[in-house]
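Below: the structure, in structure tokens.
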Amino acid sequence: MPDPVPPAVSLPSAARRPISVPDLLVALGVVLLGLLLLIGTNQIATSGMNTVVGPRVFPLIVSVGTLLLGILLTIGVLRGHRAEPAMEEDTDPNAPVNLAPPGLILGGFLLGTLLLQPLGFVVGTAVMYFTVAFAFGERRYGLMAGVAVVVALITYLLFTRGLGLTLPAGILKGVL
Amino acid sequence: MDAITSLFAGFETALTPINLLWALVGVTLGTLVGVLPGIGPALTVALLLPVTAKLPPVSAFIMFAGIYYGGMFGGSTTSILLNTPGESSSIITALEGNKMARKGRAAAALATAAIGSFVAGTIGTMLLTFAAPAIAEIAVQIRPEAKFSLIMLAFVTISATFGGSPLRGLISLFFGLCIGLVGTDLQSGQARFTLGRPELLDGIEFVTVVIGLFAIGETLYVASRLRKDKASVIKLEGNAHMTREDWRRSWKPWLRGTALGFPFGAIPAGGAEIPTFLSYTLEKRLTKHPEEFGKGAIEGVAGPEAANNAAAAGVLVPLLTLGLPTSATAAILLAAFQQYGLQPGPLLFVTSPDLVWGLIASLYIGNVMLLALNLPLAPVWAKLLLIPRPFLYAGILVFSTVGVYSLNNSVFDLVLLAIFGVIGYGMRRFDFPVTPAIIGVILGPTAESFFRTALQQSNGDYSTFVRQPLSAFILFIVALSLIVPAVLKARRQSAVG
């Protein structure tokens with residue numbers, strides 16, 4: 001398989017590599033998180049308390065720590081450091097990154113979440129199941145829909161009848 | 001001897017039919033999730049927490065212990081039969097085990113892994129049986145300053161000392177600490193970082209964090225760069241079994257692996273990865289068949305697998321005696337204890353002896369069950385690797401949804417789950433380890449509580465942490481664990497450049 005990575009990434013010299021914009025955004029994100037935590041720490045009410053260690057002390061340590069670590073990471077990125085994506089069992093390190101499937105999964109998940117209470121648990125999770133299978137490249141629609149409904153139904157019955165949890169029945173109320 | 005008497009009482013608890021059943025459910029589930037990619041023992045215990053809230057704690061923990069040990073057994077099956085390893089601690093097994101399998105010796109590789117895991121697990125559990133009560137007795141006297149310092153030690157070793165990048169590990173840890181801060185401060189009653197949302201007053205459920213970072217993050221990440229070629233699963237003919245020659249070459253590596261693994265698991269040194277590497281190096285040096293190493297040497301499977309399982313038993317020592325988790329799964333077990341209102345630590349042996357000793361006894365039983373499940377049934381587990389990935393990951397997502405939704409029957413939690421899923425994706429993409437974040441979420445509030453107790457006792461004098469001798473000593477080691485790897489790295493780099 002030919003190397004699909006753009007040439008800028010495969011330059012051998014670590015020190016001379018251009019700054020990676022995604023890495024920089026992540027590093028600045030950590031700095032931003034530190035700053036927001038600092039602001040949040042200042043908003044914790046401490047009035048009228050005479051404890052030795054108030055509710056602000058530990059958050060202050062965490063905020064300052066996050067901020068400092070974020071600054072260190074930013075400096076590293078500006079000097080050309082970049083992160084190596086993780087290796088997982090089912091991933092191909094040489095495959096071109098495609099953000100459409102994760103986007104689809106996320107969309108399906110949020111749609112299923114919205115449907116969970118009005119239409120019921122079985123419909124909501126079946127929608128989620130179907131979108132994940134689709135995003136992973138499965139195209140036998142009948143099979144996918146069938147398995148989605150069966151998995152959702154079994155899960156529902158297992159958790160409500162078997163384990164005594166309450167899950168929204170929705171449109172299947174009275175049927176199940 | 002006290003430990004023996006207590007252990008017998010533990011067996012009485014664990015050998016009741018209902019608890020044997022829970023142990024069987026646990027080891028079966030554990031092997032299952034160990035074999036399947038995309039889901040592991042840490043995630044499974046987290047998923048089951050809301051479900052088990054109604055079980056008696058002893059039964060729940062017997063099941064969790066089965067999942068914990070079972071995950072280790074199952075993980076080796078995957079790394080031997082599939083060409084890519086699951087957990088970092090099975091990289092070595094994949095190295096030699098997969099080569100063996102390719103040469104048609106899959107049965108022997110699986111057998112030496114399973115029997116080695118059994119031997120190491122059993123010896124490890126024996127060491128736990130005697131070490132834990134002894135350590136607990138000493139640990140009762142540890143003061144809050146030193147307890148805080150111990151948590152710092154776990155934080156630093158897990159996130160900075162042994163990971164690929166200390167900076168990224170620490171950022172992950174601090175992210176976890178931030179999440180742990182959200183909610184009402186128990187000592188002052190003040191809301192912290194709740195963004196005005198009433199749902200956040202009780203804090204963020206760690207189950208949501210764990211499932212989001214592990215399951216959803218993993219699903220999104222795998223979807224973004226899915227392996228297009230079919231993963232090549234090696235066919236297994238018949239049971240897992242070994243020849244006399246295999247036994248002769250395996251038993252010493254098992255014992256050496258156990259000796260390396262247990263102490264590494266017991267000190268907060270970041271889990272099972274290091275001892276498996278050490279065991280592999282050791283076996284490579286001692287073997288009479290050096291030409292086979294890298295091409296499928298049985299010693300290279302036997303030693304690291306034993307080390308891996310002995311470390312898993314070792315991890316339970318600091319967890320039960322000090323309340324200090326040193327791996328992601330241990331952190332979730334700690335949270336499980338807290339869900340039942342129990343605080344692992346030296347007092348647990350006094351306050352809930354039934355639970356602790358029932359748990360330890362169930363580890364012996366679980367090991368026997370796992371051996372019986374894994375030798376004859378190896379071909380069945382191997383079949384699981386053939387589940388088409390679209391259906392597998394879709395199922396993982398649905399179970400994650402049930403697990404999180406059933407916490408509070410709240411859609412808000414599911415939105416949080418999606419957010420943590422995206423963060424989990426980002427952590428994989430940008431090389432941030434997930435375990436430090438989990439440890440941070442679960443141990444952060446405990447750390448803060450010891451921190452404040454210590455300072456209240458000293459009237460706000462911060463020097464109490466370095467004046468109390470044990471605490472000062474631990475903090476000294478914390479400093480070393482931060483500085484030494486950085487210095488070594490700098491020296492290596494200057495030597496290369």
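Please note which helices (runs of 4 or more DSSP H) are completely contained in the stretch B:240-350 and include at least 2 residues that are charged (D, E, K, R).
Numbers: elements: B:244-266, B:273-286, B:299-322, B:328-339.
The helices (runs of 4 or more DSSP H) meeting that bar are B:244-266, B:273-286, B:299-322.
For residues in the stretch B:442-464 being of a type outside the set (D, E, K, R) and outside any helix (DSSP H, G or I), which is farthest from B:PRO268 (Cα to Cα)?
Residues of the stretch B:442-464 that are of a type outside the set (D, E, K, R), as a first pass: B:442-447, B:449-451, B:453-460, B:462-464.
Of the ones still in play, those that are also outside any helix (DSSP H, G or I) are B:458-460, B:462-463.
On the way: B:SER458: 28, B:ASN459: 30, B:GLY460: 29, B:TYR462: 25, B:SER463: 25 Å.
Of everything passing the filter in the stretch B:442-464, B:ASN459 is farthest from B:PRO268 (Cα to Cα).
Looking at B:PHE473, is it part of a helix (DSSP H, G or I) and without any contact (Cβ under 8 Å) to a residue 40 or more places away in the chain? Outline the logic, then answer.
Values: part of a helix (DSSP H, G or I): yes; without any contact (Cβ under 8 Å) to a residue 40 or more places away in the chain: yes.
Answer is yes for this residue.
Taking only the stretch B:181-199 into account, find how many residues are among the small types (Gly, Ala, Ser) and either more than 9 Å from every other protein chain (Cβ to nearest Cβ) or assigned to a helix (DSSP H, G or I) (or both). Show your work before the answer.
Applying the first criterion (among the small types (Gly, Ala, Ser)) to the stretch B:181-199 yields B:183, B:188-189, B:191, B:196.
Now restrict to residues that are either more than 9 Å from every other protein chain (Cβ to nearest Cβ) or assigned to a helix (DSSP H, G or I) (or both): B:183, B:196.
Here the count works out to 2.
May I ask you to verify whether B:LEU363 is within 14 Å of chain A (Cβ to nearest Cβ) and either over 16 Å from A:TYR129 (Cα atoms) or touching a residue at least 40 places away in the same chain (Cβ under 8 Å) (or both)?
On the way: within 14 Å of chain A (Cβ to nearest Cβ): no; either over 16 Å from A:TYR129 (Cα atoms) or touching a residue at least 40 places away in the same chain (Cβ under 8 Å) (or both): yes.
When the stated conditions are applied, B:LEU363 does not pass them.
Tell me which of these B:THR5 doesn't satisfy, since it passes every other one: (1) without any contact (Cβ under 8 Å) to a residue 12 or more places away in the chain; (2) on the phi > 0 side of the Ramachandran plot.
So the condition that B:THR5 fails would be (2).
Could you check, for the stretch B:38-52, whether at least one of its residues is farther than 30 Å from B:ALA111 by Cα, within 14 Å of another protein chain (Cβ to nearest Cβ) and of a type outside the set (A, V, I, L, M, F, W, C)?
yes
Looking at B:CYS178 and the list (1) more than 10 Å from chain A (Cβ to nearest Cβ); (2) assigned to a helix (DSSP H, G or I); (3) under 18 Å from B:LEU416 (Cα atoms), which single condition is not satisfied?
Tallying (1) more than 10 Å from chain A (Cβ to nearest Cβ); (2) assigned to a helix (DSSP H, G or I); (3) under 18 Å from B:LEU416 (Cα atoms), B:CYS178 fails exactly one: (1).
With A:LEU78, A:LEU36 as the choices, which residue is surrounded by fewer than 18 Cβ atoms within 10 Å (Cβ to Cβ), out of contact with any strand residue (DSSP E or B) (no Cβ under 6 Å at 6 or more places or on another chain), touching a residue at least 40 places away in the same chain (Cβ under 8 Å) and not β-branched (Val, Ile, Thr)? Walk me through it before giving the result.
Details: A:LEU36 fails: touching a residue at least 40 places away in the same chain (Cβ under 8 Å).
Going through A:LEU78, A:LEU36 in turn, just one is surrounded by fewer than 18 Cβ atoms within 10 Å (Cβ to Cβ), out of contact with any strand residue (DSSP E or B) (no Cβ under 6 Å at 6 or more places or on another chain), touching a residue at least 40 places away in the same chain (Cβ under 8 Å) and not β-branched (Val, Ile, Thr): A:LEU78.
Looking only at residues that are more than 7 Å from chain A (Cβ to nearest Cβ) and assigned to a loop (DSSP other than H, G, I, E, B) in the stretch B:409-441, which one is nearest to B:VAL51 (Cα to Cα)?
Only one residue tops the list, namely B:SER410.
Among the residues of the stretch A:126-147, write down those that are buried (at least 19 other Cβ atoms within 10 Å of the Cβ) and farther than 19 Å from B:GLY38 by Cα.
Those that are buried (at least 19 other Cβ atoms within 10 Å of the Cβ) and farther than 19 Å from B:GLY38 by Cα: A:ALA126, A:VAL127, A:MET144, A:VAL147.
Looking at B:GLU137, B:GLU96, which is the one that is away from every other protein chain (no Cβ under 14 Å), crowded, with 24+ Cβ neighbours inside 10 Å and at pLDDT below 90? Step through it out loud before you land on a result.
Values: B:GLU137 fails: crowded, with 24+ Cβ neighbours inside 10 Å.
Of B:GLU137, B:GLU96, the one residue that is away from every other protein chain (no Cβ under 14 Å), crowded, with 24+ Cβ neighbours inside 10 Å and at pLDDT below 90 is B:GLU96.
Given the criteria farther than 23 Å from A:VAL31 by Cβ and of a type in the set (Gly, Ala, Ser), does B:GLY183 qualify?
Details: farther than 23 Å from A:VAL31 by Cβ: yes; of a type in the set (Gly, Ala, Ser): yes.
When the stated conditions are applied, B:GLY183 passes them.
Might you check whether a residue that is closer than 17 Å to A:PRO168 by Cα, β-branched (Val, Ile, Thr) and crowded, with 21+ Cβ neighbours inside 10 Å occurs anywhere in the stretch A:103-111?
Quick first cut of the stretch A:103-111, residues closer than 17 Å to A:PRO168 by Cα only: A:109-111.
Subset that is β-branched (Val, Ile, Thr): none.
The answer is no, given that none of the residues of the stretch A:103-111 is closer than 17 Å to A:PRO168 by Cα, β-branched (Val, Ile, Thr) and crowded, with 21+ Cβ neighbours inside 10 Å.
The values are calculated or read from the model by the stated rules, or taken from the named source; none is laboratory data. On a predicted model such as this, the values are computed, not experimentally measured, just so you know. All Cβ positions, even for glycine, are placed from backbone atoms using ideal geometry, and neighbour counts span all protein chains on display.
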